[in-house]
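The values are calculated or read from the model by the stated rules, or taken from the named source; none is laboratory data. Please read all numbers here as calculations on a predicted model, not as lab measurements. Here the Cβ positions follow ideal geometry from the backbone for every residue, glycine too, while neighbour counts run over all protein chains shown.
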Protein chains: 2
Amino acid sequence: MKDFVPPNFLRGVGKSPIRKITDRAKPGDISFGLGEPDVPTPDVIRRAAIRAISEEHNGYTLQAGLPELRQCVAKAYPELNLSLDQVVITAGSQEAMYLVLMSLVSEGDEVLIPDPGFVAYPTIVEMAGGVPVYYRLPAARDFEFDVDDFRAKLSARTKVVICTSPSNPTGRTLTSDDIAAITEALRDTGVFVISDEIYRELYYTAERPGSISSSYERTVVISGLSKSMSMTGWRLGWICGPTDVLASALVLHGYVTTCASTVSQKAALAAWGPEAEQARVSIRNTFRERRDHLLNLIARELGVRAVTPDGAFYTMVDISRFGSSLDVADRLLDHGVVTVPGSPFGKEAEGFLRVSFCADKSKLNEGVRRMKAGLGTLGD
Amino acid sequence: MKDFVPPNFLRGVGKSPIRKITDRAKPGDISFGLGEPDVPTPDVIRRAAIRAISEEHNGYTLQAGLPELRQCVAKAYPELNLSLDQVVITAGSQEAMYLVLMSLVSEGDEVLIPDPGFVAYPTIVEMAGGVPVYYRLPAARDFEFDVDDFRAKLSARTKVVICTSPSNPTGRTLTSDDIAAITEALRDTGVFVISDEIYRELYYTAERPGSISSSYERTVVISGLSKSMSMTGWRLGWICGPTDVLASALVLHGYVTTCASTVSQKAALAAWGPEAEQARVSIRNTFRERRDHLLNLIARELGVRAVTPDGAFYTMVDISRFGSSLDVADRLLDHGVVTVPGSPFGKEAEGFLRVSFCADKSKLNEGVRRMKAGLGTLGD
């Protein structure tokens, strides 16, 4: 009898390299690995969920999501003037990314992906039959956007460009100049931009980072509440953008998950009031303090270069003088601290570790102490 | 600039025909449409969810789901002796079906699908590049399994067979003889069976319906708590079966949704105790009473043939003498009662309406009264 053979689109696809290393964590290890806020989900969200569970029946919603929730999302992008059929609620921004890439990418289409960038992008692009083409965010320039390289990578076969701001893994944002440059480069190309804005509310700059959706019409925005409201396990994300793309994504969504969790959707309704806004600010401040604390620690204790993130909760730490990022991450794991090697995020990230600061100050202190001990065994 | 063109696999795919008609319901309409229990989610489940939300942080779980929950699911199939890596928790049985079909079906593979059967099966099979081949559950024999037709439809290209017991839309189950016949027909073929058991706990026969997984090794079981625990909006399903197939489904799951809602997973942990078992029995009894009430009403008031379901919460009502199923469903909608035309479920279901009894007795009474009024305008 024939053995089971995975289908072509899954051949060679495995667990994400991030999960591979974070899954090896032992009890007692300090985790600078997964991108998951450790702060509590705000009370206002929890109360809304509990009320819905206690008082209401939680059957299917419309596949696109609760109209009231889509209204809240639409209002969060006032400059886009979205109608309800331009918003789909998803089971987290991961489903959003999957639906949009599957809707936009066909066999042979080129998709521009940031290097370094989130590891799932190229995998899903390849599942859809597309060809990942990487535009460099040069390590030498602290991973800032490089318009020359971006333009050089555009071709007649480019169908989609993925932008992530703030970036995972670097925490860098696109400046308004970067956004203007991308908009200009794409003018009249018909290319679709997927703007992954899952970290947009977690910023440490004076202004909230802009969205290319404001200047470039063919933008599909992907976001959700996982990071800004510490709701990773609630699986609540969304897509918004052009009606025709959203219509395709919605059809696929119906066959993939039917609808997002109704409890999570009702909880999410509470994410736009004044109490939620206060929580958002408080979470942002917490991460800003941790960022500053961690950057100081790294400079003082490790004496290595670390990129100052504009947002998200990662810093890229340059460990190139100690060995490959995989080897160094492995060694640090032996010393009880989980970090993520840069290489899976792209060539530019080799020589770096992604260090997340989803941990309180005492954990940051102890984690850096362990990093120091681990790096000490590697020498220069 | 080029217009957006949906990708090939989504071309021609639209909203499910069931949603198309149920979405047209007006306020005040009686719904015999969607397959969604109206009874409350049992208290024991709600309490578990509320406790998790109040007392715990709900971050990502392992992509495969909480180990304790996978353990509960594994124990629910004692004869399969499942290890934890043979169980994946999904965002409802819809995601389970999507993952398994995408994992098993490649370009050109034939997939045997019951006619009538759930409308999403052929759509997802075609998305995967497969070829739906229908085996008849003959209307003339109250939609029971027909082994001769089943054998006739098997070919060297058959990769997967989908079995649904109890069936949506007919409520009929596979008897132990049917299961033995399928097992025998598939011996040494290497064909995979997907056994959709989402309605298995809702049965009106003396014994719980059997699962082909007990006799046929290459069976992938799909199920969840949506129907038996009235948890449709919680999106909690699972897959269990051969390790290699589950490994592929898990990889895809990670890119599609990351993990099922953590709140829903923790709530689901409460679905296997004695209080949950009592709730399951109570829900089953409620639907049995409604079934009997509805069948009596239809016989007495409408004088048409209705199939006695062994499980699930649908009866197939023969309205062939009044017109096409689409026309009759349309006319009934004008009279304030939502039913689902049989034709989208397959050729065998033309001439029938799927009438669900997810409604209390007074709604059943009023709905049948409206059906009578609507049918009265169509005459024989």
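Candidates A:R288, A:R370: the one that is more than 29 Å from A:E197 (Cβ to Cβ), out of contact with any Cys (no Cβ under 9 Å at 6 or more places or on another chain) and not in a loop (DSSP other than H, G, I, E, B) is A:R370. Determine if region A:202-211 includes at least one residue that is of a type in the set (A, V, I, L, M, F, W, C), under 22 Å from A:N81 (Cα atoms) and touching a Ser or Thr at 6+ places or on another chain (Cβ under 8 Å). There is no residue in region A:202-211 that is of a type in the set (A, V, I, L, M, F, W, C), under 22 Å from A:N81 (Cα atoms) and touching a Ser or Thr at 6+ places or on another chain (Cβ under 8 Å). Residue check: is B:P309 in the same structural domain as B:T90 (by TED's automatic domain parsing), at pLDDT 95 or above and either assigned to a loop (DSSP other than H, G, I, E, B) or touching a strand residue (DSSP E or B) at 6+ places or on another chain (Cβ under 9 Å) (or both)? The answer is no for B:P309.
For region B:299-316, the set of residues classified as within 10 Å of B:D142 (Cβ to Cβ) and of a type in the set (V, I, T) consists of B:V307, B:T308, listed by residue number. For region A:162-191, filtering for residues that are within 14 Å of chain B (Cβ to nearest Cβ), in contact with a Phe, Trp or Tyr (Cβ under 8 Å, 6 or more places away or on another chain) and among the basic types (K, R) leaves 0.
Only one entry of B:R70, B:R24, B:R11, B:R47 meets the criterion of being under 30 Å from A:D23 (Cβ atoms) and more than 7 Å from every other protein chain (Cβ to nearest Cβ), and that entry is B:R70.
The set of residues from region A:264-278 being among the small types (G, A, S), assigned to a helix (DSSP H, G or I) and over 20 Å from the mean Cα position of the chain (by Cα) comprises A:A267, A:A270, A:A276.
You will find that of B:G12, B:G65, the residue that is on the phi > 0 side of the Ramachandran plot, within 25 Å of the chain's Cα centre (by Cα), modelled with pLDDT of 95 or more and in a loop (DSSP other than H, G, I, E, B) is B:G65 and no other. Pairing each residue of region B:131-142 that is closer than 17 Å to B:P344 by Cβ with any residue that is crowded, with 16+ Cβ neighbours inside 10 Å and not β-branched (V, I, T), provided the two are 6+ apart or on different chains, yields C-beta distances under 6 Å for B:P132/B:P122; B:Y134/B:D115; B:R136/B:D115; B:R136/B:D146; B:R136/B:E348; B:L137/B:P114; B:L137/B:F143; B:A139/B:E348. Just one of the listed residues (B:T158, B:T170, B:T243) is under 30 Å from B:H293 (Cβ atoms), among the β-branched types (V, I, T), in contact (Cβ under 8 Å) with a residue 24 or more places away in the chain and not assigned by TED's automatic domain parsing to the domain that holds B:G33, and it is B:T170.
Could we say that A:G233 is free of Cβ contacts under 8 Å to residues at least 12 places away in the same chain, crowded, with 24+ Cβ neighbours inside 10 Å, assigned by TED's automatic domain parsing to the domain that holds A:D178 and under 21 Å from A:F357 (Cα atoms) here? Criteria met by A:G233.
The set of residues in region B:239-273 that are aromatic (F, W, Y) and within 10 Å of chain A (Cβ to nearest Cβ) contains only B:Y255.
In region A:255-298, what residues are surrounded by 18 or more Cβ atoms within 10 Å (Cβ to Cβ), touching a helix residue (DSSP H, G or I) at 6+ places or on another chain (Cβ under 9 Å) and farther than 26 Å from A:E56 by Cβ? Of everything in region A:255-298, those that are surrounded by 18 or more Cβ atoms within 10 Å (Cβ to Cβ), touching a helix residue (DSSP H, G or I) at 6+ places or on another chain (Cβ under 9 Å) and farther than 26 Å from A:E56 by Cβ turn out to be A:Y255, A:R290, A:L294, A:L297, A:I298. Here A:G379 meets each of (1) at pLDDT below 95; (2) within 29 Å of A:V13 (Cβ to Cβ) with one exception, condition (2). For region A:192-224, the candidate set comprises residues that are among the aliphatic types (A, V, I, L, M) and either surrounded by 20 or more Cβ atoms within 10 Å (Cβ to Cβ) or part of a helix (DSSP H, G or I) (or both); within that set, the residue that is nearest to the other protein chains (Cβ to nearest Cβ) is A:V220.
For region B:18-59, taking the residues that are aliphatic (A, V, I, L, M), touching a residue at least 12 places away in the same chain (Cβ under 8 Å) and assigned to a helix (DSSP H, G or I), the one that is surrounded by the most Cβ atoms within 10 Å (Cβ to Cβ) is identified as B:A49. Would you confirm, using the coordinates I've provided, whether A:L236 is aliphatic (A, V, I, L, M), more than 12 Å from chain B (Cβ to nearest Cβ) and in contact with a Gly (Cβ under 8 Å, 6 or more places away or on another chain)? For A:L236, the condition - aliphatic (A, V, I, L, M), more than 12 Å from chain B (Cβ to nearest Cβ) and in contact with a Gly (Cβ under 8 Å, 6 or more places away or on another chain) - is not met. Take the conditions in contact with a helix residue (DSSP H, G or I) (Cβ under 9 Å, 6 or more places away or on another chain) and of a type in the set (G, A, S) and apply them to A:A181. Does it pass? In short, yes. Residues that are of a type in the set (V, I, T), in a helix (DSSP H, G or I) and modelled with pLDDT of 95 or more are absent from region B:332-347.
Within region B:8-17, can one find any residue that is under 24 Å from B:R280 (Cα atoms) and free of Cβ contacts under 8 Å to residues at least 40 places away in the same chain? Within region B:8-17, none of the residues are under 24 Å from B:R280 (Cα atoms) and free of Cβ contacts under 8 Å to residues at least 40 places away in the same chain. For region B:27-44, which residues satisfy the criterion of being more than 10 Å from every other protein chain (Cβ to nearest Cβ), out of contact with any helix residue (DSSP H, G or I) (no Cβ under 6 Å at 6 or more places or on another chain) and closer than 28 Å to B:A120 by Cβ? Once the filter is applied, which keeps residues that are more than 10 Å from every other protein chain (Cβ to nearest Cβ), out of contact with any helix residue (DSSP H, G or I) (no Cβ under 6 Å at 6 or more places or on another chain) and closer than 28 Å to B:A120 by Cβ, region B:27-44 yields B:P27, B:D29, B:S31.
When we screen A:S282, A:S248, A:S228 for residues that are over 30 Å from A:V338 (Cβ atoms) and among the hydroxyl-bearing types (S, T, Y), the only hit is A:S248. Looking at B:V328, B:V281, just one residue is in a helix (DSSP H, G or I) and either among the hydroxyl-bearing types (S, T, Y) or touching a Leu at 6+ places or on another chain (Cβ under 7 Å) (or both), and that residue is B:V328.
In region A:324-349, the residues that are over 15 Å from A:Y314 (Cα atoms) and free of Cβ contacts under 8 Å to residues at least 24 places away in the same chain form no Cβ pair under 7 Å with any partner that is assigned to a strand (DSSP E or B) and of a type in the set (S, T, Y), whether six or more places apart or across chains.
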